[in-house]
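Structure record follows, encoded as structure tokens.
Read-outs throughout are calculated quantities, based only on the coordinates presented, and are distinct from any laboratory measurement. All figures in this text were calculated on a predicted structure; none of them were measured in a lab. Quick reminder, even Gly has a Cβ in these numbers, built from the backbone with ideal geometry, and neighbours come from all protein chains shown.
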Ligand SMILES: Nc1ncnc2c1ncn2[C@@H]1O[C@H](COP(=O)(O)OP(=O)(O)OP(=O)(O)O)[C@@H](O)[C@H]1O
Ligand SMILES: [Mg+2]
């Protein structure tokens, strides 16, 4: 089995003022792996996850993704974020857009912009070719604004089918239950066909009876081989779905291992203490 | 007999104020100018105000646009700290002294002035948009501006539509001071007619009634708008545990 590292974190530090929240975190996330991050409140789990796609700017350290150190302020983070789906505790669906528009919005904007850029480049080449002996080839453009929109809607409807909410395409998010909102949020995050999915306590804001439907969906994604990093308080779920569990406390990874190792025979005193409280 | 004389005198005054020389046309022309100035000023003011509030919002959320925020705050302080009559005179007699289109200068003055007040309204509109909306947009790979344009601004503007419309109603009344620099808006017409008939009573009364009708009409529209919005909010958000 090939262990391809998809995100490598080197000595990641994050401070809010003088408050050190991440204190030199090192770890690798492997393609296809499902990693659960657990730990006490305030230990920096969310901050760590948000640093990975730079919703939070790290203070020092490196994050390698797709061959680039994306912690470097000079890289085009928007481009990399398209390959990292994120699911929030509070869903954060776009209130002014229908469910379908929530899913198609980003792909359509991003692809239309890419199309416009290609067209610009072609007009430039065409213009310069007038003065060139050796004509440069034009970029082949197969898509149109309409085809981008249609394609995005097709994908969105397929995703709605997949999360079990095809009939909700044209309603606004505020008419949905929490569980439905989170399933749509997951569909939205999948729309750009990401290489990795980041979940920040995806079930913590849900009523107990709705936790199941969201966990079922994440479990399905895991089975399909999606690379996932999940911050969660659901220990049972972490144990069942994760290949690897990271226990974070006081701004660093205190202990990690397979669920069996970490939950059944924790080595660190800090881990034992935490597990005693939550299990 | 005495009563009769009183009424026929009143009628004579009324007719001089309204009917003689088709003077009623003057009121309508004044009203037209007032509405034109208020409308143009509202469009300019809302544009300026939303842009200022947006600069402020981006600065607050991302730390960018520091200089633009300083300039915008200075502008707001300057405009709100000086009387609008002075602003009007500065623009009319100094800045645009070469230009004789009083209506446009009036509209520009009130647009610039209202922009500073709209900025405050729009700022609260932006603040009422949940931070998670911007985060979700950025996490999808959209830029700050793409997220502002498609997600934040539509929600912010919707959140403050009623106060924005109210600002327009205020403008209809407040623009009456453009008469100071000789623009024939509705507020200036009574003076014009009095200078010919030497009678202020009916011209003032009529102008006041016209303002009142317009303001009440616009207020009515505002209420309809508010009701519609409340209704669509209920439709969008009614069923919390949707089936
Ligand atoms: N934007 C911020 N500004 C200042 N301090 C922050 C900010 N965000 C987080 N912190 C601080 O960073 C620390 C870690 O917070 P974080 O949200 O990462 O913890 P967590 O492990 O996700 O906790 P929880 O389980 O409660 O979600 C906390 O002490 C918090 O107060
Ligand atoms: Mg958290």
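What residue among B:106, B:49, B:63 shows peak mean-square fluctuation when chain B is described by a Gaussian network model with Cα springs under 10 Å?
Its mean-square fluctuation being the largest, the pick is B:63.
Per DSSP helix of 4 or more residues, -39500 (n - 2.57); summed, then divided by the residues of chain A. What does that give at 222 nm, rounded to the nearest 500? The partial results should precede the final answer.
Numbers: 8 runs with 108 residues, N = 279.
Value at 222 nm, helices only: -12500 deg cm²/dmol.
Using a Förster distance of 60 Å, how high is the FRET efficiency between residue B:192 and residue B:128, based on the Cβ-Cβ distance and rounded to 0.05?
Details: r = 45 Å, r/R0 = 0.75.
Result of the calculation: an efficiency of 0.85.
Extending each Cα 7 Å along its Cβ direction at residue B:5 and residue B:143, get the distance between those two points in nm, one decimal.
8.1
What nm value, rounded to one decimal, do you get for the distance between residue A:78 and residue A:256 when each label is placed 7 Å out toward the C-beta?
If labels sit at residue A:78 and residue A:256, their model points lie 3.2 nm apart.
I'd like the FRET efficiency for residue A:60 and residue B:225, computed as 1/(1 + (r/R0)^6) with the beta carbon distance as r and R0 of 45 Å, rounded to 0.05. Could you put the intermediate results ahead of the total?
Numbers: r = 52 Å, r/R0 = 1.15.
Step by step, r from the Cβ atoms, then E = 0.30.
Explain nothing, just the number: relative contact order of the range B:19-240, from Cα pairs under 8 Å at least 6 residues apart, as a whole percent.
Dividing the mean separation by the residue count of the range B:19-240 yields 27 percent.
Can you tell me the relative contact order of chain A? Whole percent, Cα pairs under 8 Å, sequence separation 6 or more.
Details: 457 pairs, mean separation 75.5, N = 279.
Answer for chain A is 27 percent.
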